[in-house]
Amino acid sequence: MAIDNVTVKKIVIPDRFKPVLGASGFYFMMMAVFIYFAPDVFLQVGMFTAVFLSLPLFIIMGLSLVFVTVSGEIDLSFPSTLALTGLIFSLTLTATDYNFWLAFLASVTTGVACGLFVGFLVTKLGFSSLITTLGVNFMFAGITQVLNKGQLRQFPKFDDSPIRAAVVGSWGPIPAQLIWGLGIALILGIIFNRHRFGIHVHIAGDNPEAGRAMGVNISRVKVLCFVLVGVCCSITSTISILMNSTYYSTMGEGYLLPVLAAVFVGGTPVTGGKGTIAGLVIGATTVVFINTGVVAVGLDGYYTGLGFGLVIILSLLGHRALSGRLSR
Amino acid sequence: MDKSPLIELIGVEKTFGRVQALSNINLKLYEGEIVSLVGDNGAGKTTLTKIISGTESADDGAKIILRGQEQKNWNAAKARKLGIETVHQNRALSEQQSIYANVFMGRELVNRFGFVKRKEQIKETEALMRKIGYTSKVWTPHSPVLKLSGGERQGVAISRAILFDSSLVMLDEPTTAMALSEQAEVMEFILNLKAQGRSVIFISHNPWDAHAVADRFVILDRGRLVFDGPKGNTTADEFISMLRDVAKKGSV
């Protein structure tokens, strides 16, 4: 009969929520697969506690990468900036007989200087950020090696310090650093979406010429994004050193691809002008769970790479199905 | 006119590599007048407006005097702060961002910590959209600009220029890609600006439009200012033959 007259009420999802929705949908699907194949592992609190130990490091790094990516640039130099800021932290710590705050300040200052350096190369000299930061990554890694002289630096005195308890202690099954990581995500999320700086970051990656014509200082915005990466590097390296009471100069290795994957799996397109902080948090969680998940479902650790690849490509498919704008 | 000018340009030159885009431009602009800036492609019209709006800087030695004050380190942010708004030829819109983000681009309403007053911006954008006739219910202040048509995008660019209390509005080819009815609205809008006491620099390829609203004509030819005079009783036909002379001989 009058079937034609039946109106199908479509649920309209605002565009700005789609990337987050896509990322979380994908995350829950992946977790369902893991739980199905290894329920005894994935339904235990201990499993999550283990994942949450390192998750904040990926979140904090990824947050700054979202800013850079949305501003229309990319930063591949953060792994060695991480190692360099960590080294400066360690050296200052030793030199000042465990003055944590001075060491942290020195580390942040180093991070800021690294960001300014990259920002100068990219905005003032007009170099491609992809190639520049690739070079800078090698350069900072070299500087770190030269300064560190192959040493493993241990800080056993930290083991029972109140600072360590506050930064990387545990609140029940929840590691303290997770709270710090999420707190930083919340603050940067508000800045990203509600502060003039965040708005200008979007414009810088979308149409920098328009921004300049309207009086936005695009170069300054981009430099500040690189500086943010440096600061996040120093926070991440400090947390990492406190966690292990150890500094090793290769601490940045193993971050590059997972952090970038977290940004893109989270739904921030590589083209700039758009991005999501909440998506990044979910993306980082997805990425960190892959490592553990692949092993827990009974596969060889060698399969981790394959798992990563599948997740990145499948998540791109998911994002495209939702918004159709992540194909580039 | 013996009033003091709103803005005065002295000896403005601009070279791009070996190309002289503007040579020795001297121009005065008074309050409440509409100047039609005309000339062939490559005459330097857009470059001149970009220098006035601070988007492009003039070569050394040029002077920009605003309300009797010589301006140093002239840039886009300063120009907007001092009441110069521009509707750029390429519209200068950030397409993935919302309509309200574009309307307030570079002049965001913020509290003293720099956080954007979103609700106020949305409210003002809604009022603006009603004013310029966005009757379509499809678009809200949240809609990204990339979903709008050419004319609608121009509407956003133009409404941005009137939102702030500007004393000079420059429109660079504002009617490109517009329907006839929309073009008529833009002409109406320009006359309205004058009625409010604002000055207008209007660039158009259409000599009839340029003639219709002008108080004064400024004709550029290959970077030189070849004519600057009041419209008076010049008819549209006379104006067009002037333009033809310039194109042929390089002078009126």
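Would you please name the residue that is most open to solvent (accessible area, probe 1.4 Å), looking only at residues in the range B:241-252 that are outside any loop (DSSP other than H, G, I, E, B) and more than 23 Å from B:Leu29 (Cα to Cα)?
Going residue by residue through the range B:241-252, those that are outside any loop (DSSP other than H, G, I, E, B) are B:241-249.
This time we only want the ones that are more than 23 Å from B:Leu29 (Cα to Cα), so: B:241, B:244-245, B:247-249.
Details: B:Ser241: 54, B:Arg244: 149, B:Asp245: 53, B:Ala247: 60, B:Lys248: 169, B:Lys249: 137 Å².
Looking at residues that are outside any loop (DSSP other than H, G, I, E, B) and more than 23 Å from B:Leu29 (Cα to Cα), I get B:Lys248.
Taking A:Phe158, is it within 14 Å of chain B (Cβ to nearest Cβ), assigned to a helix (DSSP H, G or I), touching a residue at least 60 places away in the same chain (Cβ under 8 Å) and closer than 29 Å to A:Thr49 by Cβ? Before the answer, list the steps.
Working: within 14 Å of chain B (Cβ to nearest Cβ): no; assigned to a helix (DSSP H, G or I): yes; touching a residue at least 60 places away in the same chain (Cβ under 8 Å): yes; closer than 29 Å to A:Thr49 by Cβ: yes.
Answer is no for this residue.
Return the only residue of B:Thr125, B:Thr46 being away from chain A (no Cβ under 11 Å), within 30 Å of B:Leu22 (Cα to Cα) and surrounded by 16 or more Cβ atoms within 10 Å (Cβ to Cβ).
Working: B:Thr125 fails: within 30 Å of B:Leu22 (Cα to Cα).
When all the criteria are applied, what remains is B:Thr46.
Write out, first by first residue and then by second, each pair whose Cβ atoms fall under 7 Å of each other, whose residues are 6+ apart or on separate chains, and whose first residue, in the range B:57-81, is in contact (Cβ under 8 Å) with a residue 40 or more places away in the chain and part of a strand (DSSP E or B) while the second is surrounded by 18 or more Cβ atoms within 10 Å (Cβ to Cβ) and not β-branched (Val, Ile, Thr).
As it stands, the answer is B:Ile64/B:Leu9; B:Ile64/B:Trp74; B:Ile65/B:Glu8, since those pairs meet every condition given.
Please give the number of the condition B:Thr86 fails out of (1) surrounded by 21 or more Cβ atoms within 10 Å (Cβ to Cβ); (2) farther than 30 Å from B:Glu8 by Cα; (3) among the polar types (S, T, N, Q).
It is condition (2) that B:Thr86 fails.
Restricting to the range A:174-200, count the residues that are in contact (Cβ under 8 Å) with a residue 60 or more places away in the chain, away from chain B (no Cβ under 14 Å) and within 15 Å of the chain's Cα centre (by Cα).
Of the residues in that region, 7 qualify.
Whether any residue in the range A:82-91 is within 15 Å of the chain's Cα centre (by Cα) and assigned to a helix (DSSP H, G or I) is what I want to check. Break it down into steps so the answer makes sense when it comes.
Just the residues of the range A:82-91 that are within 15 Å of the chain's Cα centre (by Cα), to begin with: A:82.
Pick out the ones that are also assigned to a helix (DSSP H, G or I) and you get A:82.
There is at least one residue in the range A:82-91 that is within 15 Å of the chain's Cα centre (by Cα) and assigned to a helix (DSSP H, G or I).
Give all pairs with beta carbons closer than 6 Å in which a residue from the range B:97-115 that is touching a residue at least 24 places away in the same chain (Cβ under 8 Å) meets a residue that is hydroxyl-bearing (Ser, Thr, Tyr) and in a loop (DSSP other than H, G, I, E, B); count only pairs at least 6 apart in sequence or on separate chains.
Short answer, once both residue conditions are applied: B:Ile99/B:Ser143; B:Asn102/B:Ser94.
Wholly within the range A:225-323, which helices (runs of 4 or more DSSP H) include no fewer than the required count, namely at least 2 residues that are closer than 20 Å to A:Ile184 by Cα? Give the steps one after another, and end with the answer.
On the way: elements: A:256-265, A:277-296, A:304-323.
Once the helices (runs of 4 or more DSSP H) in the range A:225-323 are filtered for at least 2 residues that are closer than 20 Å to A:Ile184 by Cα, what remains is A:256-265, A:277-296.
Output yes when any residue across the range B:198-217 is at positive phi and assigned to a loop (DSSP other than H, G, I, E, B), and no when none is.
Our first condition is that a residue be at positive phi; within the range B:198-217, this holds for none.
Scanning the range B:198-217 turns up no residue that is at positive phi and assigned to a loop (DSSP other than H, G, I, E, B).
Residue check, A:Ser170 against (1) out of contact with any Pro (no Cβ under 9 Å at 6 or more places or on another chain); (2) surrounded by 15 or more Cβ atoms within 10 Å (Cβ to Cβ); (3) touching a residue at least 40 places away in the same chain (Cβ under 8 Å), all met but one. Which one?
A:Ser170 satisfies every listed condition except (2).
Pick out, from the range B:1-46, the strands (runs of 3 or more DSSP E) lying fully within it that include 1 or more residues that are within 15 Å of the chain's Cα centre (by Cα) and not hydrophobic (A, V, I, L, M, F, W, C).
Numbers: elements: B:7-16, B:19-29, B:34-38.
Ranges flagged: B:34-38.
Restricting attention to the range A:105-131, report how many residues are open to solvent by 50 Å² or more (accessible area, probe 1.4 Å) and either assigned to a helix (DSSP H, G or I) or more than 16 Å from A:Ile74 (Cβ to Cβ) (or both).
Here is the first cut: in the range A:105-131, the residues open to solvent by 50 Å² or more (accessible area, probe 1.4 Å) are A:105, A:109, A:113, A:116-117, A:120, A:124-128, A:130-131.
If we keep only those that are either assigned to a helix (DSSP H, G or I) or more than 16 Å from A:Ile74 (Cβ to Cβ) (or both) as well, we get A:105, A:109, A:113, A:116-117, A:120, A:124-125, A:130-131.
The number of residues fulfilling the criteria is 10.
Sort out which residues of the range A:201-250 are within 14 Å of another protein chain (Cβ to nearest Cβ), buried (at least 23 other Cβ atoms within 10 Å of the Cβ) and touching a residue at least 12 places away in the same chain (Cβ under 8 Å), and write them in order of number. Spell out how you get there, then give the answer.
Just the residues of the range A:201-250 that are within 14 Å of another protein chain (Cβ to nearest Cβ), to begin with: A:201-221, A:224.
Pick out the ones that are also buried (at least 23 other Cβ atoms within 10 Å of the Cβ) and you get A:201-207, A:210-211, A:213-214, A:216, A:221.
Residues satisfying the conditions are A:Val201, A:His202, A:Ile203, A:Ala204, A:Gly205, A:Asp206, A:Asn207, A:Val216, A:Val221.
Quick one: how many residues across the range B:163-184 are open to solvent by 30 Å² or more (accessible area, probe 1.4 Å), without any contact (Cβ under 8 Å) to a residue 40 or more places away in the chain and either assigned to a helix (DSSP H, G or I) or under 24 Å from B:Thr235 (Cβ atoms) (or both)?
5
Name the residues in the range B:188-212 that are farther than 17 Å from B:Ala161 by Cα and touching a Lys or Arg at 6+ places or on another chain (Cβ under 8 Å), would you? Explain how you work it out, then say what you get.
Initial filter on the range B:188-212 (farther than 17 Å from B:Ala161 by Cα): B:204-212.
Across the range B:188-212, the qualifying residue is only B:His211.
All but one of (1) surrounded by fewer than 18 Cβ atoms within 10 Å (Cβ to Cβ); (2) at pLDDT below 90; (3) within 14 Å of another protein chain (Cβ to nearest Cβ) hold for B:Asp40, so report the exception by its number.
Condition not satisfied by B:Asp40: (3).
Check A:Arg153 against each of (1) within 14 Å of chain B (Cβ to nearest Cβ); (2) touching a residue at least 40 places away in the same chain (Cβ under 8 Å) and name the one condition it does not meet.
(1)
Of all residues in the range A:277-308, which are over 19 Å from A:Val41 (Cα atoms) and open to solvent by less than 10 Å² (accessible area, probe 1.4 Å)?
Selection gives A:Gly279, A:Leu280, A:Gly283, A:Ala284.
Results for (1) touching a strand residue (DSSP E or B) at 6+ places or on another chain (Cβ under 9 Å); (2) away from every other protein chain (no Cβ under 12 Å); (3) β-branched (Val, Ile, Thr), shown as yes or no for each residue.
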{"residue": "B:Phe113", "(1), (2), (3)": "yes, no, no"}
{"residue": "B:Arg118", "(1), (2), (3)": "no, no, no"}
{"residue": "B:Lys131", "(1), (2), (3)": "no, yes, no"}
{"residue": "B:Ser149", "(1), (2), (3)": "no, yes, no"}
{"residue": "B:Glu152", "(1), (2), (3)": "no, yes, no"}
{"residue": "B:Arg160", "(1), (2), (3)": "yes, no, no"}
{"residue": "B:Leu171", "(1), (2), (3)": "yes, yes, no"}
{"residue": "B:His205", "(1), (2), (3)": "yes, yes, no"}
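Could you tell me whether B:Arg67 is more than 24 Å from B:Ile219 (Cβ to Cβ), among the charged types (D, E, K, R), open to solvent by 10 Å² or more (accessible area, probe 1.4 Å) and facing another protein chain (nearest Cβ under 10 Å)?
On the way: more than 24 Å from B:Ile219 (Cβ to Cβ): yes; among the charged types (D, E, K, R): yes; open to solvent by 10 Å² or more (accessible area, probe 1.4 Å): yes; facing another protein chain (nearest Cβ under 10 Å): no.
No: the conditions fail for B:Arg67.
Would you check if B:Ser94 is touching a Ser or Thr at 6+ places or on another chain (Cβ under 8 Å), in contact (Cβ under 8 Å) with a residue 24 or more places away in the chain and open to solvent by less than 30 Å² (accessible area, probe 1.4 Å)?
In short, no.
Scan the range B:129-141 and tell me whether some residue there is closer than 15 Å to A:Val216 by Cβ and either open to solvent by less than 20 Å² (accessible area, probe 1.4 Å) or of a type outside the set (Ser, Thr, Tyr) (or both). Step through it out loud before you land on a result.
Looking only at the range B:129-141, we keep the residues that are closer than 15 Å to A:Val216 by Cβ, and these are none.
Scanning the range B:129-141, I find no residue that is closer than 15 Å to A:Val216 by Cβ and either open to solvent by less than 20 Å² (accessible area, probe 1.4 Å) or of a type outside the set (Ser, Thr, Tyr) (or both), so the answer is no.
The values are calculated or read from the model by the stated rules, or taken from the named source; none is laboratory data. Just so you know, these numbers come straight off a predicted model, no measurement behind them. Note that each Cβ is placed from the backbone with ideal geometry, even for glycine, and that neighbours are counted across all protein chains shown. Only protein heavy atoms, including side chains, enter the accessible area calculation; ligands, DNA and RNA are left aside. Shrake-Rupley method; radii C 1.70, N 1.55, O 1.52, S 1.80 Å.
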